[in-house]
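Take a look at the structure set out below.
The values are calculated or read from the model by the stated rules, or taken from the named source; none is laboratory data. Keep in mind it's a predicted model, so treat the numbers as computed, not measured. Quick reminder, even Gly has a Cβ in these numbers, built from the backbone with ideal geometry, and neighbours come from all protein chains shown.
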Ligand SMILES: Cc1ncc(COP(=O)(O)O)c(C=O)c1O
């Protein structure tokens with residue numbers, strides 16, 4: 001080729017949640033009898049969550065409407081009545097919000113919005129990422145910049161709360177930081193940050209003239225007595241704020257590919273307003289986002305059955321959090337924080353417990369050889385090595401913590417399994433496998 005076709009930053013696009021799937025695919029080709037327990041992907045549908053009947057009815061009604069409008073394009077930034085509903089919906093939680101529907105952007109999944117938001121930042125303007133964090137943010141941010149992500153620590157010894165001193169240190173050391181990403185409720189830790197923590201983050205943003213990006217895709221999925229504090233209330237008229245929400249998780253409709261972004265406090269800063277406008281202009285190039293889910297969305301959230309349906313699911317997640325926490329806390333060498341929101345948990349290995357020689361028994365000869373070959377790479381992160389052995393030995397597929405920009409070795413599980421007996425069995429097996437691995 002006259003020119004290299006490979007983007008020099010392509011290596012920064014990492015998404016371990018899916019990359020592990022290719023490895024597992026290979027295992028099942030080598031041993032077709034292998035049964036895989038997918039604890040890696042936060043897809044309620046893949047874990048057997050039923051779509052509520054009322055939602056299916058709403059969809060059917062929309063599809064059957066005369067004129068077939070939902071089969072056509074819609075407004076590039078999202079259907080206007082739906083954006084108006086989003087602005088009004090925001091005021092239900094944050095009564096003083098001045099969010100205008102023109103500052104709402106609907107995208108084909110929140111993932112699309114995330115990519116646009118980082119793409120539209122000028123080179124040299126960095127967004128400080130949590131560590132560990134949902135990798136789409138860190139990967140897109142670092143790809144846009146061509147540099148590794150700049151991160152602040154979440155503290156596993158303090159319920160995974162953001163380490164605010166580390167956050168401030170990073171802001172001071174890196175004048176290129178233009179904003180702070182907060183994921184609340186958090187993926188991958190399952191933590192909820194309270195109003196006090198958010199207040200301190202807003203104060204830091206005020207002090208250093210930064211914007212806040214708040215990924216709240218799990219904001220309705222909160223339990224164990226926790227409540228979700230509205231950063232829109234706390235940050236009102238104080239700092240530029242971007243709130244991100246979507247349909248993939250609580251509805252649940254991840255395959256619908258629909259999410260939205262709210263640009264709050266746009267009149268506070270002319271530069272922020274221009275940036276918001278540039279993201280919205282970027283969206284025009286895609287003509288429009290998926291039509292059907294966006295028009296059904298207000299009807300789903302406003303449906304009289306939605307609240308009870310959501311409460312039942314949150315109850316289930318609370319029970320799962322309790323069961324998984326109990327089982328994994330009993331494992332020596334593991335640090336475990338209960339999940340209080342979203343549907344993930346990230347147990348961490350105590351320092352020094354993971355070693356490069358540890359293994360688990362793998363019955364199938366071809367699978368064993370394949371795993372040995374893969375894990376012979378001396379640069380492989382020790383938690384990834386553990387994850388490979390775990391899935392090959394037990395069929396339980398989790399994601400290594402280092403795939404989430406984590407400074408700690410560990411792994412992320414989902415807490416979505418609905419059948420209590422199956423949940424017990426998975427986590428009893430997992431606990432035993434960890435003990436065997438660490439002792440091997
Ligand atoms: C924190 C967080 N933000 C964004 C997304 C992307 O969601 P979507 O399916 O709308 O692209 C996810 C998906 O897992 C997530 O966990």
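Within region 129-149, can you find the residues that are assigned to a loop (DSSP other than H, G, I, E, B) and within 12 Å of the ligand (Cβ to nearest atom)?
Narrowing region 129-149 to residues assigned to a loop (DSSP other than H, G, I, E, B): 132-134, 146-149.
Once the filter is applied, which keeps residues that are assigned to a loop (DSSP other than H, G, I, E, B) and within 12 Å of the ligand (Cβ to nearest atom), region 129-149 yields 132, 133, 134.
Report whether or not residue 425 is modelled with pLDDT of 95 or more, in contact with a helix residue (DSSP H, G or I) (Cβ under 8 Å, 6 or more places away or on another chain) and either surrounded by fewer than 18 Cβ atoms within 10 Å (Cβ to Cβ) or farther than 20 Å from residue 338 by Cβ (or both).
Numbers: modelled with pLDDT of 95 or more: yes; in contact with a helix residue (DSSP H, G or I) (Cβ under 8 Å, 6 or more places away or on another chain): no; either surrounded by fewer than 18 Cβ atoms within 10 Å (Cβ to Cβ) or farther than 20 Å from residue 338 by Cβ (or both): yes.
In short, no.
For (1) more than 25 Å from residue 32 (Cβ to Cβ); (2) within 22 Å of the chain's Cα centre (by Cα); (3) in the same structural domain as residue 340 (by TED's automatic domain parsing), each residue gets a yes or a no:
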{"site": "365", "(1), (2), (3)": "no, no, yes"}
{"site": "372", "(1), (2), (3)": "no, no, yes"}
{"site": "384", "(1), (2), (3)": "no, yes, yes"}
{"site": "398", "(1), (2), (3)": "no, yes, yes"}
{"site": "405", "(1), (2), (3)": "yes, yes, yes"}
{"site": "415", "(1), (2), (3)": "yes, yes, yes"}
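Could you check residue 285 against (1) at pLDDT 95 or above; (2) out of contact with any strand residue (DSSP E or B) (no Cβ under 7 Å at 6 or more places or on another chain) and say which number it fails?
All conditions pass for residue 285, except number (1).
Among the residues of region 303-310, are any surrounded by fewer than 19 Cβ atoms within 10 Å (Cβ to Cβ), in a loop (DSSP other than H, G, I, E, B), in contact with a strand residue (DSSP E or B) (Cβ under 8 Å, 6 or more places away or on another chain) and modelled with pLDDT of 95 or more?
no
Got a number for residues in region 50-91 being touching a strand residue (DSSP E or B) at 6+ places or on another chain (Cβ under 7 Å) and in a helix (DSSP H, G or I)?
Residues in region 50-91 being touching a strand residue (DSSP E or B) at 6+ places or on another chain (Cβ under 7 Å) and in a helix (DSSP H, G or I): 5 in total.
Checking the structure you have, find out if any residue of region 110-120 is away from the ligand (no atom under 16 Å from the Cβ), under 25 Å from the mean Cα position of the chain (by Cα) and surrounded by fewer than 20 Cβ atoms within 10 Å (Cβ to Cβ).
Yes, the conditions are met somewhere in region 110-120.
Applying the selection to region 199-223, what residues are away from the ligand (no atom under 16 Å from the Cβ), touching a residue at least 12 places away in the same chain (Cβ under 8 Å) and outside any loop (DSSP other than H, G, I, E, B)?
199, 200, 201, 202, 204, 205, 206, 208, 211 - these are the residues of region 199-223 that are away from the ligand (no atom under 16 Å from the Cβ), touching a residue at least 12 places away in the same chain (Cβ under 8 Å) and outside any loop (DSSP other than H, G, I, E, B).
Please specify each residue of region 253-274 satisfying the condition of being in a helix (DSSP H, G or I) and within 20 Å of residue 289 (Cα to Cα).
Scanning region 253-274 gives 254, 255, 256.
Going by the conditions given, is residue 76 under 18 Å from the mean Cα position of the chain (by Cα), assigned by TED's automatic domain parsing to the domain that holds residue 190, touching a residue at least 24 places away in the same chain (Cβ under 8 Å) and more than 16 Å from the ligand (Cβ to nearest atom)?
In short, no.
Got a sec? Which of 293, 229 is in the same structural domain as residue 108 (by TED's automatic domain parsing), surrounded by 16 or more Cβ atoms within 10 Å (Cβ to Cβ) and closer than 19 Å to residue 101 by Cβ? Break it down into steps so the answer makes sense when it comes.
Details: 229 fails: closer than 19 Å to residue 101 by Cβ.
From the options 293, 229, the qualifying one is 293.
Is it true that residue 42 is more than 16 Å from the ligand (Cβ to nearest atom) and under 21 Å from residue 313 (Cα atoms)?
Answer is no for this residue.
Where residues in region 237-252 are in a strand (DSSP E or B) and within 16 Å of the ligand (Cβ to nearest atom), which of them is farthest from residue 276 (Cα to Cα)?
246
Given the condition away from the ligand (no atom under 16 Å from the Cβ), assigned by TED's automatic domain parsing to the domain that holds residue 339 and without any contact (Cβ under 8 Å) to a residue 12 or more places away in the chain, answer yes or no: does some residue in region 267-280 qualify?
no
Cβ contacts < 8 Å: first residue loosely packed, with under 10 Cβ neighbours inside 10 Å, restricted to region 1-27; second residue in a loop (DSSP other than H, G, I, E, B), any location; separation 6+ or different chain. Result?
Final answer for the pair search is 8/146.
Only one of (1) closer than 30 Å to residue 213 by Cβ; (2) in the same structural domain as residue 400 (by TED's automatic domain parsing) is not met by residue 283, so which one is it?
Condition not satisfied by residue 283: (2).
So which residues in region 330-360 are farther than 19 Å from residue 225 by Cβ, without any contact (Cβ under 8 Å) to a residue 40 or more places away in the chain and in contact with a helix residue (DSSP H, G or I) (Cβ under 8 Å, 6 or more places away or on another chain), if there are any at all?
Scanning region 330-360 gives 355, 356.
Give region 181-198 a look and list any residue that's in contact with a helix residue (DSSP H, G or I) (Cβ under 6 Å, 6 or more places away or on another chain) and more than 15 Å from the ligand (Cβ to nearest atom), or say none.
Across region 181-198, the qualifying residue is only 198.
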